[in-house]
Amino acid sequence: MSLTRHVRYPLSHETQADSKSLKASSKAAKRGKSRYSSSYSSSYSMSYGPPPPPTPPVLPTPNPTRSTPPPTTRSPTAQPTGTCCNAAALRQTILDIVYNSEDGSIFNSGPAKDAIAWLDGDACDCGQFCSEDQVVQRYILAVLYFSTNGNNWDSCSAPDNIQNDDTCQVQSSYGNNIISDDEGKTFSSGFKWLTCNTECEWGGINCNQNGLIIATDVEDNGLTGTLPNEVAALPRLFAFALEQNDISGTIPSTYSDLARLVILDLDFNSLEGSLLLDLSKMTKLRQLDLNNNNLEGTLGGLGWENTDLQFLDLSRNNFVGPIPTEIGDLPNLRSVQLYCNQLEAPLEWVNCPTADMVADDYICDDSSCKCTEEYTQETCTAKLASNKSG
């Protein structure tokens, strides 16, 4: 067995959605994934500083398979003026804010093409989302939808009629309108995606009181395709969780620009390639949960020392090389899982539970990846203290 857990961080008043309660409960075990709760409870409160600096250009996301926009039924209502129903103005807004580019060819193919086509119709059919923030957010979510083959999701896919008010549920811990079932699993109850309802109330999405997206959390919902670069243009994003889907491709390096991100949870997918995040820019990151993927490469040179990680799970990937000593120096790290990789000379404390964790932990024999008991809590706590003091 192996010990894993998710530490859930409650959102501060600054990042709470209007009159909405975000529950931060631990997730139930799914697909053989081990979870446990402990006496440790985090009362972490966000303290945001000034807005992050402008982000570099974002590259358009390549086209995944089966990425076609859903059919829409146009409303006969009068069309508004201004940015809404102005295709040139919409595109210029997106180019300026999302891509920091003047290259309109971005919209010629892939999810960007599908998203801008939907946005053109959305702006005219809905006629109420014309501010820059709304235009940008709805476009980015549309790119995410088409990049992950949203028409084939298990729940909350776009309806035929853009003005559809049907509700749906997706498994989620940080989305809007969180509810629980009898097994303790949490779900976001919201509207279907790509409709005239505010994007803040689409299933799995949550916004702060100013209507800016702070959480995108759609779990175990049949997402495939790839992760889009455009998500990096959501400046207030607190939690990005798409775990237990079947997303492939790499984790975009542009996600390093998510300066306010606290939770990145993409475990149990089919992600591959090297981990190219610049963690030195992600100073608010508390939870990095990427276990059970096909990630590879080394863990050095990522800027671990500048994070405030409390939970790290990179187990069951294909990482190689030494475990960076910087990880051992993180002062608030409470849980580390690095087993079932090809990592060299693991630090003693990596496989040891800290004082508030349960009694035993396990390490992995790389030759067979069978986890065997190595230390008791008493001996590990002593070794951890020795390492920290030395």
Ser172: buried (at least 24 other Cβ atoms within 10 Å of the Cβ), within 29 Å of Ile263 (Cα to Cα) and not aromatic (Phe, Trp, Tyr), yes or no? yes
The one condition Asp289 fails out of (1) touching a residue at least 24 places away in the same chain (Cβ under 8 Å); (2) more than 16 Å from the chain's Cα centre (by Cα) is (2)
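Is it the case that the range 223-244 has a residue that's in a strand (DSSP E or B), at pLDDT 95 or above, of a type in the set (Val, Ile, Thr) and within 28 Å of Lys185 (Cα to Cα)?
Within the range 223-244 (the criterion being in a strand (DSSP E or B), at pLDDT 95 or above, of a type in the set (Val, Ile, Thr) and within 28 Å of Lys185 (Cα to Cα)), the answer is yes, since at least one residue qualifies.
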Among the numbered criteria (1) within 20 Å of Val218 (Cβ to Cβ); (2) out of contact with any Phe, Trp or Tyr (no Cβ under 8 Å at 6 or more places or on another chain), which one does Asn161 miss? (1)
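In the set Asp220, Asp246, Asp257, which member is in contact with a helix residue (DSSP H, G or I) (Cβ under 7 Å, 6 or more places away or on another chain) and acidic (Asp, Glu)?
The match here is Asp257.
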If you check Leu279 against the conditions, is it hydrophobic (A, V, I, L, M, F, W, C) and buried (at least 22 other Cβ atoms within 10 Å of the Cβ)? no
Residues being surrounded by fewer than 17 Cβ atoms within 10 Å (Cβ to Cβ) and of a type in the set (S, T, N, Q) - total across the range 302-347: 5
Looking at Asp265 and the list (1) without any contact (Cβ under 8 Å) to a residue 60 or more places away in the chain; (2) within 30 Å of Phe187 (Cβ to Cβ), which single condition is not satisfied? (1)
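The values are calculated or read from the model by the stated rules, or taken from the named source; none is laboratory data. Remember, predicted model here, so these are calculated numbers, not experimental data. Glycine also receives a Cβ, built like all others from the backbone with ideal geometry; neighbour counts cover every protein chain displayed.
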